[in-house]
Amino acid sequence: MLKKSICLTLFMCCLALPAAAANQSGALSLSLLQGKHLFEGNQSLETSRFRGVGLGYNFTENWSIEGIYTKAVADTEDPPTPDTKVETYRLDVLYHFRPDKKFIPYVAAGMGAIYSSPDVGADRDHLLVNYGVGFKYFILDNLIALRADIRHLVDIPEPDNNLQYTLGLTFQLGKAIPASKPATMAE
């Protein structure tokens, strides 16, 4: 209980900070993610928690590209089906609306692969297409943002339809800080 209270207090303090938030062009981003992976019913896998990491680059304030890796261990719904490790690898393009605000909604689409490895049986490695929506909410200037999104994952050639709900933190890195003007002497 004390740990939750401390985290909530820190979160509220971050929200109260003045913010000149922006999705900045030329910046790198690192995202730490966790969420739920919902599998289509015919896969006989239960909804599972996953963890992931993303690395992105902002071409402009609106457009960015991001590589995402997630990993889940899915329990089975039916006892004869073995538990399965599921990994996704994606390369997504994001379009950010209102990139100069604290609250920045975005749309995303991309391609990648989904790899599943059951405890017993053959591994699967398929093409993955995804699209979705989300938002970033900057809590510390333009450096740290809370992030949430939902993605529809289409496994090809099956085609199995999966969903991923994601929460996390995004750290915006590598943006050069403009140099201040040198002081001039009054004549």
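Being part of a loop (DSSP other than H, G, I, E, B) and out of contact with any Leu (no Cβ under 7 Å at 6 or more places or on another chain) is true for just one of V93, V120. Which residue is that? None of the other options fit; the residue is V120.
Scoring R124 on the criteria (1) without any contact (Cβ under 8 Å) to a residue 12 or more places away in the chain; (2) in contact with a Cys (Cβ under 7 Å, 6 or more places away or on another chain) leaves a single failure, condition (2). Just to be sure, is L15 at pLDDT below 80, open to solvent by less than 60 Å² (accessible area, probe 1.4 Å) and part of a helix (DSSP H, G or I)? Answer is yes for this residue.
I'd like the full set of residues that are open to solvent by 70 Å² or more (accessible area, probe 1.4 Å), more than 18 Å from the chain's Cα centre (by Cα) and either within 23 Å of F103 (Cβ to Cβ) or free of Cβ contacts under 8 Å to residues at least 40 places away in the same chain (or both), limited to the range 21-46.
Listed by number, the list holds a single entry, E46.
Can you spot a residue in the range 89-108 that is aliphatic (A, V, I, L, M) and farther than 24 Å from Q34 by Cβ? Taking every residue of the range 89-108 in turn, none turns out to be aliphatic (A, V, I, L, M) and farther than 24 Å from Q34 by Cβ.
If only residues of the range 95-123 that are surrounded by fewer than 15 Cβ atoms within 10 Å (Cβ to Cβ) and among the charged types (D, E, K, R) are counted, the one that is farthest from T84 (Cα to Cα) is D100. With respect to (1) at pLDDT 95 or above; (2) closer than 25 Å to N142 by Cβ; (3) out of contact with any His (no Cβ under 9 Å at 6 or more places or on another chain), the lone exception for G112 is condition (2).
The values are calculated or read from the model by the stated rules, or taken from the named source; none is laboratory data. This one's a predicted model, so the numbers in the text were calculated from it and none came from an experiment. Cβ: placed from backbone, ideal geometry, glycine included. Neighbour counts: every protein chain shown. SASA here: full protein model, heavy atoms, side chains in, ligands and nucleic acids out. Shrake-Rupley method; radii C 1.70, N 1.55, O 1.52, S 1.80 Å.
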